Amino acid sequence: EDADGNLQTGQSVQTASSLADRIRKRRLQRARTDAASGRRVVRDMVRYVYLLLDLSLSMNEKDPSLPPGSKLSQMIRIATDFVAEYYDQNPISHLGVVTVRDGEAEMLTRLSGSPRMHVREIAKLSVSGGAGEFSLQNGLELAGRSLGHMPPYGSREIVLVCGALSTCDPGDLIVETVSLDGI
């Protein structure tokens, strides 16, 4: 028997109803402590997202599994569609675009609520083409530094579109991803 007088068949075996009761009690207790302390429960309604695009030399290659054109042309199409869909689903959120080529990250567009600006700048990428190596670490650092200044009430995200099979990073990529976890 447990403290409530219910029979238990084993220490590790729990019924679905007792688990649901525990979850319900925990939520109720959390709601009471939040209300008592005057703390406001914050939901991530506003999203701050950076789109990290690979513009390395490998993006100029053609992939037989993709529709006609290079990986770069397909990435530009997908990124343009993503921008339109993102603002359709998240009208009050912000989006920015970071490109990585020659091992260096460049801020193509800063975080903003203007889909036209992003689409216009992404369309210009087809003229320049891909060059050099892709550096995931440099792209994450640049986007992460910008996201670190965003208010804590919004979610901060980085979406990666990459066609390179390898990355050329100046340091330890695992350390960089752990440091982004604190943002």
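The figures follow:
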{"quantity": "Residue satisfying condition, being open to solvent by 80 Å² or more (accessible area, probe 1.4 Å) and modelled with pLDDT of 80 or more, within set S12, S37, S65, S58", "calculated": "S65"}
{"quantity": "Leading residue by the ranking (farthest from A131 (Cα to Cα)) among those in the range 76-104 that are open to solvent by less than 20 Å² (accessible area, probe 1.4 Å), of a type outside the set (V, I, T) and part of a strand (DSSP E or B)", "calculated": "L95"}
{"quantity": "Some residue of the range 144-154 being open to solvent by less than 20 Å² (accessible area, probe 1.4 Å) and closer than 22 Å to L72 by Cα", "calculated": "no"}
{"quantity": "Near pairs, Cβ below 8 angstrom, 6+ apart or cross-chain, from the range 162-174 (of a type in the set (S, T, N, Q)) to any residue that is part of a helix (DSSP H, G or I)", "calculated": "T167/L136; T167/Q137; T167/L173"}
{"quantity": "Complete set of residues in the range 95-131 that are touching a Ser or Thr at 6+ places or on another chain (Cβ under 6 Å), within 10 Å of S56 (Cα to Cα) and among the small types (G, A, S)", "calculated": "G103, G130"}
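The rows are residues; the columns are (1) surrounded by fewer than 21 Cβ atoms within 10 Å (Cβ to Cβ); (2) over 17 Å from the mean Cα position of the chain (by Cα); (3) outside any helix (DSSP H, G or I).
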{"residue": "E106", "(1), (2), (3)": "yes, yes, yes"}
{"residue": "V127", "(1), (2), (3)": "yes, yes, no"}
{"residue": "G130", "(1), (2), (3)": "no, yes, yes"}
{"residue": "L140", "(1), (2), (3)": "no, no, no"}
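Matching residues to (1) within 19 Å of M45 (Cβ to Cβ); (2) at pLDDT 90 or above:
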{"position": "F82", "(1), (2)": "no, yes"}
{"position": "Y87", "(1), (2)": "yes, yes"}
{"position": "F134", "(1), (2)": "no, yes"}
{"position": "P151", "(1), (2)": "yes, no"}
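The values are calculated or read from the model by the stated rules, or taken from the named source; none is laboratory data. Keep in mind that this is a model prediction, so the values were computed, not measured. For neighbour counting, all protein chains shown are included, and Cβ atoms are generated from backbone atoms with ideal geometry for every residue, glycine included. Surface accessibility is based on the protein's heavy atoms, side chains included, excluding ligands, DNA and RNA. Shrake-Rupley method; radii C 1.70, N 1.55, O 1.52, S 1.80 Å.
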